[in-house]
1. Scan segment 48-66 and report the pairs whose first residue is of a type in the set (V, I, T) and whose second residue is surrounded by 15 or more Cβ atoms within 10 Å (Cβ to Cβ) and in a loop (DSSP other than H, G, I, E, B), with Cβ atoms within less than 6 Å and a gap of 6+ or a chain change.
2. Does R42 count as touching a strand residue (DSSP E or B) at 6+ places or on another chain (Cβ under 9 Å) and in contact (Cβ under 8 Å) with a residue 24 or more places away in the chain?
3. Give segment 84-100 a look and list any residue that's within 17 Å of G57 (Cβ to Cβ) and at pLDDT 85 or above, or say none.
4. Of the residues that make up segment 59-69, is at least one within 30 Å of V5 (Cα to Cα) and surrounded by 16 or more Cβ atoms within 10 Å (Cβ to Cβ)?
5. Go through segment 4-40 and give me each residue that's over 20 Å from T66 (Cα atoms), aliphatic (A, V, I, L, M) and modelled with pLDDT of 80 or more.
Amino acid sequence: MRRLVVSIGEEYGLLRVIRELEAIGRRRVLCLCGCGNEVEVRLDHLRGGQKSCGGCGLEYRGERRTLKSLAAERGIKESTLRARLKVMGLGEALERGRVR
């Protein structure tokens, strides 16, 4: 099987490869996310579609916010917002506001 080549500076979504880490088991790379976080990512996850560190949130109206802060602003639980996002877009999920 051919070994996958990873180039420093290569970008996958918001993640930019900084360097490959010592391999113990699966190959891992150190990446810098667009939000500034450094994160270790398995190479197969990166190639499979992982696009961010997971902690930088979503972009809404031109700024990047976490689900926790968006939910708190609207007065709903984070779990409620996550459930809504499975069936509708972010804008609609936030417009519904607090459940009475």
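1. Matching pairs, first to second residue: T66/G57.
2. The answer is no for R42.
3. R84
4. No; the residues of segment 59-69 include none that is within 30 Å of V5 (Cα to Cα) and surrounded by 16 or more Cβ atoms within 10 Å (Cβ to Cβ).
5. Matches in segment 4-40: I8, V17, I18, L21, V29, L30.
The values are calculated or read from the model by the stated rules, or taken from the named source; none is laboratory data. Since we're looking at a predicted model, the values are computed, not measured. Cβ sites come from the backbone with ideal geometry, for glycine too, and all protein chains shown count toward neighbours.
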